[in-house]
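To start, the structure itself, in structure tokens.
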Amino acid sequence: MTWRATVLTLFPEMFPGPLGLSLAGDALGAGRWSLEARQIREHGIGRHRRVDDTPAGGGPGMVMRPDVVAAALDAASPADDPRPRLLMSPRGKPLNQARVRELAAGPGLVVVCGRFEGVDERAIEARALEEVSIGDYVLSGGEIAALALLDSCIRLLPGVMGAAASETEESFEAGLLEYPQYTRPREWEGRVIPDVLLGGNHAAIARWRRAEAERITRERRPDLLNRPRS
């Protein structure tokens with residue numbers, strides 16, 4: 001079955017964007033996955049299709065209305081839709097490679113892209129939205145985060161990547177950051193490729209790569225070393 005992605009957004013013109021290029025774009029054209037970007041404003045209130053209102057209790061900004069978000073979700077994803085419903089949110093659970101693998105192995109995703117100060121909590125609760133974060137920073141909206149999430153899933157779909165082994169040797173797949181990569185020329189600006197990579201001893205190469213992955217992870221992301229392996 002085709003892996004289906006539905007994105008609810010105020011800016012559907014942002015999709016497929018980079019997902020229409022390179023391997024993801026080729027896979028989209030080949031029907032390995034499908035994308036539907038739906039305009040939330042179609043379910044807005046009144047003549048001006050209003051989607052937001054002032055925050056209850058006061059404060060800056062605007063909040064996306066629960067009735068509008070719920071109506072958009074219900075129209076895009078009926079009750080029997082098996083796909084998980086995600087809300088891109090800086091307060092969500094951090095996305096990791098283990099969760100990406102789970103999502104890529106399923107039937108697809110329904111992704112809500114928030115704007116303004118966020119989405120009314122009642123819509124999140126009533127429609128069982130899973131809040132997902134791609135990092136400890138704030139974006140103008142959920143669209144860029146949704147593109148990152150979708151790209152991470154699409155590349156794991158069967159037939160998308162050219163070399164099946166490459167996806168298992170990259171950062172986070174083994175709980176470590178990726179080892180250094182080199183290619184020709186052998187020497188460049190006085191820097192040379194490590195001899196071990198040129199000797200043809202595959203066991204030695206594997207040991208070197210593992211040691212380098214551990215070193216880089218220890219230096220840059222020591223928190224990964226304390227996480228349980230998925």
Exercise. Could you give the accessible area per residue of the chain, probe 1.4 Å, as a whole number in Å²?
Worked result: 58
For this session: Could you state the angle between the C-alpha long axis of helix 143-154 and the longest principal axis of the C-alpha atoms of the chain, as a value from 0 to 90 degrees rounded to the nearest 10?
Result: 50
Problem set entry | Percent of Cα pairs exceeding the 26 Å cut-off, where the set is the chain | 48
Exercise. D52's amide H: which non-local residues (gap 5+, or another chain) put their own amide H closer than 5 Å, with H modeled 1.01 Å from N in plane and none for Pro or chain starts?
Worked result: R65
Problem set entry | Degrees between helix 66-76 axis and first principal axis of the chain (Cα, 0 to 90, nearest 10) | 70
Seminar exercise, completed: Given unit charges at Cβ for Lys, Arg (+) and Asp, Glu (-), the dipole magnitude of the chain about its Cα centre in debye, nearest 20, is 260
Exercise. Taking Cα centroids, how far is segment 1-35 from segment 176-230 in Å?
Worked result: 33
Exercise. What is the sum of charges around A203, taking Lys and Arg as +1, Asp and Glu as -1, for the other residues whose C-beta is under 14 Å from the C-beta of A203?
Worked result: +3
For this session: For segment 89-128 and segment 57-74, write down the distance between their C-alpha centroids in whole Å.
Result: 16
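Can you classify segment 56-138 as rounded, prolate or oblate using the Cα gyration tensor, where a ≥ b ≥ c are the square roots of its eigenvalues, rounded means a/c under 1.5, and otherwise it's prolate if a/b beats b/c and oblate if not? Each step should come with its number before you reach the end.
Details: a/c = 2.82, a/b = 1.27, b/c = 2.22.
Oblate, since a/c reaches 1.5 and b/c is not below a/b.
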Problem set entry | Inter-label distance, nm, simple model (7 Å from Cα along the C-beta direction), N226/R50 | 4.8
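Could you tell me which trypsin sites (Lys or Arg not before Pro) in segment 177-211 are loop residues by DSSP with no more than 15 other beta carbons within 10 angstrom of their beta carbon?
Values: sites: R186, R191, R207, R209, R210; in loops: R186.
Within segment 177-211, the qualifying trypsin sites (Lys or Arg not before Pro) (loop, at most 15 other Cβ atoms within 10 Å) are R186.
Of the DSSP beta bridges with both residues in the chain, give the percent that are antiparallel, rounding to the nearest 5. Let's see the in-between values first.
On the way: 5 of 27 bridges.
The antiparallel proportion sits near 20 percent.
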Exercise. Hey, can you rank 88-99, 143-154 by average C-beta count inside 10 Å, highest first?
Worked result: 143-154, 88-99
Exercise. For segment 1-109, how big is Rg over Rh, using alpha carbon atoms and the Kirkwood form of Rh?
Worked result: 1.01
Problem set entry | Fully extended contour minus Cα-Cα distance, from L21 to V192, at 0.36 nm per residue | 58.2 nm
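Of all accessible surface on segment 98-162 at a 1.4 Å probe, what whole percent is carbon and sulfur?
Values: 1490 of 2860 Å².
Taking all protein chains in place, segment 98-162 shows 52 percent carbon and sulfur surface.
The values are calculated or read from the model by the stated rules, or taken from the named source; none is laboratory data. Note that the structure is predicted; figures quoted are calculated from it, not measured. When we count neighbours, we look across all protein chains shown, and the Cβ atoms used for this are built from the backbone with ideal geometry, even at glycine. The area values use the complete protein model at the heavy-atom level, side chains included, leaving out ligands, DNA and RNA. Shrake-Rupley method; radii C 1.70, N 1.55, O 1.52, S 1.80 Å.
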